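**Student:** This is the structure, below, for whatever I ask next.
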Amino acid sequence: MSHAAKHVRATGSTESPDLPRQLGDADAQTWRGAAAILDANWTGTHTVPSRTLYPHQWSWDAGFIGVGLAHVAPERAWQDLRSLFEAQWPDGRVPHIVFDPGVTERDYFPGPSFWTGGTPYATDPAAQDGNGAGPRRAVRAPGGGAGWPGNEAGSGRPSSGIVQPPVHAVGAWEVYRRAPGDAAAEELGWLYPRLVAQQEYLTTCRDVGGAGLAAIVHPWESGLDNSPAWDEALAAVPLAVEVLHRYTRRDIQVVSSDHRPTDDDYARYLSIALSYRDGGYRDAELGARHPFLVECPGFNALRGLAEVTLARIAEVVGADPAPHRARARDITRQLAERLFDPATGMFHALDVRTGRRSAARCVNGLLPLVLPELPVAQVAGLVAAIGSARFGIDAGMPVPSYDRSAADFDPLRYWRGPVWFNINWLLRLGLRTHGREQLAETLRSALLHLVRHSGYYEYFHPGTGAGIGSPAFSWTAALTLDLLADQPR
Ligand code: 9WN
C-alpha cells in the first residue's frame, strides 16, 4: 500500500462523511472524485499540487487546497498549512516551493540545488546534468525556517527563495469557519503571528516603488507565471540563452511544449532567479540591481484580502483587528490610485523600473474585485469587463486568463488564454463581495460544468473546455468541493 493510501485510511476521508446532503447523484460523484484526488496527492505531511508535474509543496496552492480540505479533512488542512509555515524564513517570507527531501532533483526543475546554489541532495547517480547530482545531503535554503520561535530547528526542508500571493489567511479562515472549535482556534493561534510576519515582509521589504504596493521580483511570484502582463518588463531583461545549456527543463518532458513558456521566456526566468539568488535573496536596494520589479494588481489585491481576513482571525485569537483593517484600506487605496486605468476599466501591472503600466488586459487586472472597499466606479468597471466579450462568461465558459480579443490570445499556452480554477474561484468571491449574486452563480455553474465534462485538470481550453496541463490537480479538486458545498439555497 502506498504511503498516501495508508494515510487516507488513517484519516478516513475517502468515504467523504461530510458529503453535503443536498447533492444529487452526479454531484456526489464529482465530490467523491475531488476528495479522492486530494487523498492521492497527500504525502503524509503535505499535499502536492500534482503527482506528475509538481512533486513538492507549493505556497499559494496550499491556501486553495485548504479551502477544499476544510470540507473533507480539516485536520489535514491544518497540517498542510503548518508544514508550509514551518519553512517560513526568519524575515517572514514564505517560500514559493518547499522541497520534499524524498524527491530527487530529476523529478522537478528548478529544484533545491538551483535555489541554494549548493550541492544538491539528489540520490540519482544518473543525474549528471547541470541540475545537479551528488551525495545525499540536505541543502537548506538561506533561512530554511530556522530561527522562528517554536521552530528553532527549522523545517529541515530546503526551499526556493521567492514567494507567491499570500492566500493563506483566506485558506486558514475557511478551514476555521467550516469546522470551528477549540482545536481549530488553537491552529489559528499558531498561524496568526506567522501570517502577520508574512504580510510584514511584503509590506516593508517589497515596497520597492515606495508607494505602498509590494513588487514581485519574478513572474513566478505572481502565480500567473507566463501571463502577458510581464511581457514588456521581461523583454527588458537581457536574454542569455546559454543558461539553458547549464540546466535541463523538466516541464516540457512532462507536458507538451506548446502549453508551456517558450525557451526565451524560460531563459529569462532562470536569469532573474539567479540574479536574486546571487544577491543572497536580499531585498535592500533591489531597485538599483534587480532586472525585474513589477507591481502586480492580483498579488496586491490578495495581499489586501489577507489583511481583511486577518482582521477576522485577530478577533478569534484575541488580537487587535484594527491595524489589519487600516492596512487593507491603504492597499485598496494605493491599488485604486496607481494601477487602475479608467480607459480600460481594469487594473494593469506596473513596471517599477520604468514607471509604465502594461497595456495588456490580463485576469490579474480583475482580481482587485475581492477587496470589499474598492471604489464603486472601479467595481462597476471590473464587473463590466467580466461580462464583456473580452472575458465574458456568456458562452458558458469561466473567465479566461487573458483578453479573448487580443491578437496574441493563446488558448493552450499557460496563463496566456486558458481558464484557471483558482482565479475564477477568487472572482466568484469578488462578485459575491459586491452583491453580484447572479453573475457569481453563473460562474459557479460554468466551473462545475468544466470539471464534470473534462476532469480536475490544472487548466482548461477557453473554447472547448478540454483539460490541459496536469490531470488530477489539487486546487481544482479542492475548489470543486467548495463550489459544490456552496449551493445557493
Ligand atoms: C512554478 C504549482 C504551480 C502554481 C503556479 C503555476 C505553476 C510552477 C511551474 O505551478 O508554476 O512555480 O513550474 O510552472 O503557474 O501558479 O503555483 O501548481
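The values are calculated or read from the model by the stated rules, or taken from the named source; none is laboratory data. Being a predicted model, the structure only gives us computed values, none of them experimental. Here the Cβ is made from the backbone with ideal geometry for all residues, glycine too, and neighbour counts use every protein chain on show. Each accessible area value is taken on the protein alone, full model and side chains, heavy atoms only, with ligands, DNA and RNA left out. Shrake-Rupley method; radii C 1.70, N 1.55, O 1.52, S 1.80 Å.
**Student:** Within region 338-360, can you find the residues that are out of contact with any His (no Cβ under 8 Å at 6 or more places or on another chain) and free of Cβ contacts under 8 Å to residues at least 24 places away in the same chain?
**Tutor:** Scanning region 338-360 gives Ala343, Gly355.
**Student:** On to the next question. Considering each of Gly130, Gly161, Gly144 in turn, give the residue that is buried (at least 17 other Cβ atoms within 10 Å of the Cβ), in contact with a Lys or Arg (Cβ under 8 Å, 6 or more places away or on another chain) and at pLDDT below 50.
**Tutor:** None of the others qualify; the one that does is Gly144.
**Student:** Could you identify the single residue in Pro74, Pro17, Pro90, Pro101 that is under 27 Å from Val254 (Cβ atoms) and either at pLDDT 90 or above or not aromatic (Phe, Trp, Tyr) (or both)?
**Tutor:** The unique qualifying residue is Pro101.
**Student:** Given (1) within 16 Å of the ligand (Cβ to nearest atom); (2) under 25 Å from Leu310 (Cα atoms); (3) surrounded by fewer than 24 Cβ atoms within 10 Å (Cβ to Cβ), where does Leu412 come up short, assuming only one miss?
**Tutor:** All conditions pass for Leu412, except number (2).
**Student:** Taking region 437-451, which residues are over 23 Å from the mean Cα position of the chain (by Cα) and charged (D, E, K, R)?
**Tutor:** Across region 437-451, the qualifying residues are Glu437, Glu441.
**Student:** Next question. Here's a check for you: in region 221-239, which residue that is touching a residue at least 60 places away in the same chain (Cβ under 8 Å) and surrounded by fewer than 21 Cβ atoms within 10 Å (Cβ to Cβ) is nearest to the ligand (Cβ to nearest atom)?
**Tutor:** Once the filter is applied, the top-ranked residue is Asp225.
**Student:** Please note which helices (runs of 4 or more DSSP H) are completely contained in region 378-489 and include at least 2 residues that are free of Cβ contacts under 8 Å to residues at least 60 places away in the same chain and aliphatic (A, V, I, L, M).
**Tutor:** It comes to 437-454.
**Student:** Something else now. Which of the residues that make up region 283-304 are assigned to a loop (DSSP other than H, G, I, E, B) and surrounded by 14 or more Cβ atoms within 10 Å (Cβ to Cβ)?
**Tutor:** The answer is Asp283, His290, Pro291, Phe292, Leu293, Cys296.
**Student:** Every residue in region 254-273 that is in a helix (DSSP H, G or I), in contact (Cβ under 8 Å) with a residue 60 or more places away in the chain and aliphatic (A, V, I, L, M), please.
**Tutor:** If the condition is that a residue be in a helix (DSSP H, G or I), in contact (Cβ under 8 Å) with a residue 60 or more places away in the chain and aliphatic (A, V, I, L, M), then Val254, Leu270, Ala273 are the ones that fit.
**Student:** Also, I was wondering about something else. With Trp230, Trp190 as the choices, which residue is touching a Pro at 6+ places or on another chain (Cβ under 6 Å) and in a helix (DSSP H, G or I)?
**Tutor:** After applying the criteria, what remains is Trp230.
**Student:** Is it the case, given these coordinates, that Phe473 is in contact with an Asp or Glu (Cβ under 7 Å, 6 or more places away or on another chain), within 16 Å of the ligand (Cβ to nearest atom) and of a type outside the set (A, V, I, L, M)?
**Tutor:** yes
**Student:** Any idea how many residues of region 93-108 are open to solvent by less than 10 Å² (accessible area, probe 1.4 Å) and farther than 19 Å from Ala62 by Cβ?
**Tutor:** Residues that pass the stated criteria total 1.
**Student:** While we're here: For region 28-44, how many residues meet the condition of being farther than 15 Å from Tyr457 by Cα and surrounded by fewer than 19 Cβ atoms within 10 Å (Cβ to Cβ)?
**Tutor:** 4
**Student:** So which of Leu481, Leu447, Leu431, Leu426 is open to solvent by less than 10 Å² (accessible area, probe 1.4 Å) and over 22 Å from Leu371 (Cβ atoms)?
**Tutor:** Within the list Leu481, Leu447, Leu431, Leu426, the selection yields Leu481.
**Student:** Continuing with this model, one more query. Find the residue count for region 64-94, including only residues that are within 13 Å of the ligand (Cβ to nearest atom) and among the aromatic types (Phe, Trp, Tyr).
**Tutor:** The total comes to 1.
**Student:** Okay, moving on. Which number in (1) open to solvent by 10 Å² or more (accessible area, probe 1.4 Å); (2) modelled with pLDDT of 95 or more marks the one condition that Ala62 misses?
**Tutor:** (1)
**Student:** In addition: Find the residue count for region 305-343, including only residues that are open to solvent by less than 30 Å² (accessible area, probe 1.4 Å) and part of a loop (DSSP other than H, G, I, E, B).
**Tutor:** Of the residues in region 305-343, 2 are open to solvent by less than 30 Å² (accessible area, probe 1.4 Å) and part of a loop (DSSP other than H, G, I, E, B).
**Student:** Something else about it: How about region 31-63: which of its residues are within 12 Å of the ligand (Cβ to nearest atom), β-branched (Val, Ile, Thr) and within 23 Å of Pro165 (Cβ to Cβ)?
**Tutor:** Within region 31-63, Thr47, Val48 meet the criteria.
**Student:** One residue is enough: does region 203-210 have a residue meeting the conditions within 15 Å of the ligand (Cβ to nearest atom), modelled with pLDDT of 95 or more and not small (Gly, Ala, Ser)?
**Tutor:** The answer is no, given that none of the residues of region 203-210 is within 15 Å of the ligand (Cβ to nearest atom), modelled with pLDDT of 95 or more and not small (Gly, Ala, Ser).
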